[in-house]
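The values are calculated or read from the model by the stated rules, or taken from the named source; none is laboratory data. Computed from a prediction, not measured in an experiment: that's the story for all the values here. Don't worry about glycine lacking a Cβ; one is built from the backbone with ideal geometry, like all the others, and counts go over all protein chains shown.
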Amino acid sequence: MKHRIRAALALAGCAAVLAACSTEDPNAGQGGTAQGGSAGDVRTGTGVTADTITVGMLTDLSGPFAAGAAVQVAETRAYYEKVNADGGICDRDVQVDVQDHGYDPQKAVALYRSMASNVVALQQVLGGPTSAAVLPLAQADGLYLGGHGWAGVALQYENAQIPGTTYGIESANAIDYLVDELGVAPGGKVGVVYFVGDYGNDSLAGAQYAAQQRGLEVVPQEITPRDTDLTAQASALQQAGVSAVILGAAPAQLASLAGVMSAQGLNVPIIGNTPTFGPSLLQTPAGPALEQNFYTVTSIAPFSLDKPGVQAARELYATAAPDGETGWEVPLAYAQAELLTNALRGACDAGDLTPEGVVTAMRGTADLDTEGLFATPMDFTDPAKPPTRTVYVSRASAQADGGLEVLGTVEGPSAQSFPVG
């Protein structure tokens, strides 16, 4: 894949690891290329041997996001197998250490502590509460953490690479889209059904900010991942007279909410944050209601998008898991691996393949073109700012690959002005 990375990346990396760039070999840190990365005279640390680079995944293979997590694990393993077949990174093969936290923050912390001394970076910590528990530990260890969802709290951490924008900005874009494209009038009410925790709270905050900007009223409904019957919440929203609903939860909650709302005759748009949808939902009794009313705003491209980056992700997955579920998790896993690979290669080129060197390389990356995996080029140079504020907007469709028909991109006025940090 073709990337555009400013020359400042190598300069920033060299400045940060001056000792590595000033070894007896005058070419130390300069032997690699943007595509490959050469071992040269490179400093190494945890997770790197003469032959291997180990990256970690703390994922949810037994909790509310298990189906999508399995897709991401399959795609990530296939991605690095291809990287290794093409010569590896810094003349080393990449190994992936996958551990299941089951969406349990305490378990995620325990697994992190057992893994941290054996990996150079964490490819993923799936889930809002689990990421919130691990982020400060990884920051203290100087360990890169990617694929941690889209909670705005990650903007407080130098080592965290957000794969897109934040849930708050997604929800602000959702409000803008409801007003500008779906006809929700000023003075209307919008329900927000959201998980307690960083994920849902961030989604609610973005919706509340944008609603204030656009003259709407938010009707909040807090839930937990254990709540899979949303009859009470749907009834409350109907009684309040909402004109639309934003959902910051998981597929199980979407199926219940859409089905109950339809049964109650509450025929209004539902717009979900990135993690809410799974294509298998279209085969459930809620399928017709979803096709009629469900939209989603996503940091990552849906599976059906006709762009080179997404096409590469689809082709790899078709080989790795020909019978697997084909949802947005496929391009997400590919994109997360692309982001970490870019940082690893940048660290190799700068002569510092330590955990700190990987973070430095990531923070030197700007104008990163992922050929459609994300809606715009990405800028990671300022930890306090999201790398983009633009999202894809799609709607449920059984006719579209992966169950989502892409309608376009949106970066509304509320999303542009939403305060972060």
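Helices (runs of 4 or more DSSP H) wholly in the stretch 1-99 with at least 3 residues that are modelled with pLDDT of 95 or more and under 22 Å from the mean Cα position of the chain (by Cα) - which ones?
Counting at least 3 such residues, we get 66-85.
Please determine, by comparing only the residues of the stretch 103-127 that are outside any strand (DSSP E or B), crowded, with 17+ Cβ neighbours inside 10 Å and small (Gly, Ala, Ser), which one is nearest to the chain's Cα centre (by Cα).
This residue is 127.
Tell me whether the stretch 403-412 contains one or more residues that are within 25 Å of residue 346 (Cβ to Cβ) and without any contact (Cβ under 8 Å) to a residue 60 or more places away in the chain.
Scanning the stretch 403-412, I find no residue that is within 25 Å of residue 346 (Cβ to Cβ) and without any contact (Cβ under 8 Å) to a residue 60 or more places away in the chain, so the answer is no.
Within the stretch 302-325, restricting attention to residues that are assigned to a loop (DSSP other than H, G, I, E, B) and either in contact with a Ser or Thr (Cβ under 9 Å, 6 or more places away or on another chain) or among the basic types (Lys, Arg) (or both), which residue is surrounded by the most Cβ atoms within 10 Å (Cβ to Cβ)?
Filtering first and then ranking leaves 302.
If I filter the stretch 388-403 for residues that are in contact with a Gly (Cβ under 9 Å, 6 or more places away or on another chain), acidic (Asp, Glu) and surrounded by fewer than 23 Cβ atoms within 10 Å (Cβ to Cβ), do I get at least one hit?
Scanning the stretch 388-403 turns up no residue that is in contact with a Gly (Cβ under 9 Å, 6 or more places away or on another chain), acidic (Asp, Glu) and surrounded by fewer than 23 Cβ atoms within 10 Å (Cβ to Cβ).
Pick from the stretch 159-183 the residues that are of a type in the set (Ser, Thr, Tyr) and assigned to a helix (DSSP H, G or I): which of them is surrounded by the most Cβ atoms within 10 Å (Cβ to Cβ)?
Of everything passing the filter in the stretch 159-183, 171 is surrounded by the most Cβ atoms within 10 Å (Cβ to Cβ).
Answer yes or no as to whether residue 313 is touching a Pro at 6+ places or on another chain (Cβ under 8 Å), assigned by TED's automatic domain parsing to the domain that holds residue 374, farther than 16 Å from residue 406 by Cα and touching a residue at least 40 places away in the same chain (Cβ under 8 Å).
yes
Would you confirm whether or not the stretch 354-368 contains a residue that is assigned to a loop (DSSP other than H, G, I, E, B), surrounded by fewer than 24 Cβ atoms within 10 Å (Cβ to Cβ) and out of contact with any Ser or Thr (no Cβ under 9 Å at 6 or more places or on another chain)?
yes
Rundown of residues vs (1) touching a residue at least 40 places away in the same chain (Cβ under 8 Å); (2) under 20 Å from residue 325 (Cβ atoms); (3) of a type outside the set (Gly, Ala, Ser); (4) out of contact with any Lys or Arg (no Cβ under 7 Å at 6 or more places or on another chain), yes/no style:
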site	(1), (2), (3), (4)
232	no, no, no, yes
240	yes, no, no, no
251	yes, yes, yes, yes
260	no, no, yes, yes
264	no, no, yes, yes
269	yes, no, yes, yes
275	yes, yes, yes, yes
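Find the residue count for the stretch 373-421, including only residues that are in a loop (DSSP other than H, G, I, E, B) and at negative phi.
25
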